[in-house]
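The values are calculated or read from the model by the stated rules, or taken from the named source; none is laboratory data. Here the structure is a predicted model, which means the values were calculated and not measured. Every residue, glycine as well, gets a Cβ built from its backbone with ideal geometry; the counts of neighbours run over all protein chains shown. What goes into the accessible areas is simple: the full protein's heavy atoms, side chains included, and nothing from ligands, DNA or RNA. Shrake-Rupley method; radii C 1.70, N 1.55, O 1.52, S 1.80 Å.
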Amino acid sequence: MPNPIHQSNYALFREMLTNIRLEKGLLQSEVAERLGKPQSFISKYERGERRLDFAEFVEIAKALDIDAAAFVAQYQARLGKS
């Protein structure tokens, strides 16, 4: 079984989070500052070098000022289209 971090559904998750950050005009360093983390934390999950757990995702959603439940619904809808 392939490493879950390399599965296409996780790539979609990462892509969606990255696109939201970019759409909001935020740098990785700005999101990291909001989280109290180093910029490399953001870089690693965006590039797929690090997997996020649920609690981290919720904190990132808060830092991006998005609704976590709405994000999950959009993610599920996009998975259904692939």
> Which of the residues spanning segment 7-49 are open to solvent by 30 Å² or more (accessible area, probe 1.4 Å), more than 14 Å from Ile60 (Cα to Cα) and in a loop (DSSP other than H, G, I, E, B)?
Replying inline: Gln7, Gly25, Glu49
>> Between a residue in segment 18-38 that is more than 18 Å from Arg50 (Cα to Cα) and any residue that is modelled with pLDDT of 95 or more and surrounded by 13 or more Cβ atoms within 10 Å (Cβ to Cβ), which pairs come within a Cβ distance under 8 Å, given they are 6 or more apart or on different chains?
In response: Ile20/Leu64; Ile20/Ile66; Ile20/Phe71; Lys24/Leu64; Leu26/Leu64; Arg34/Ala63
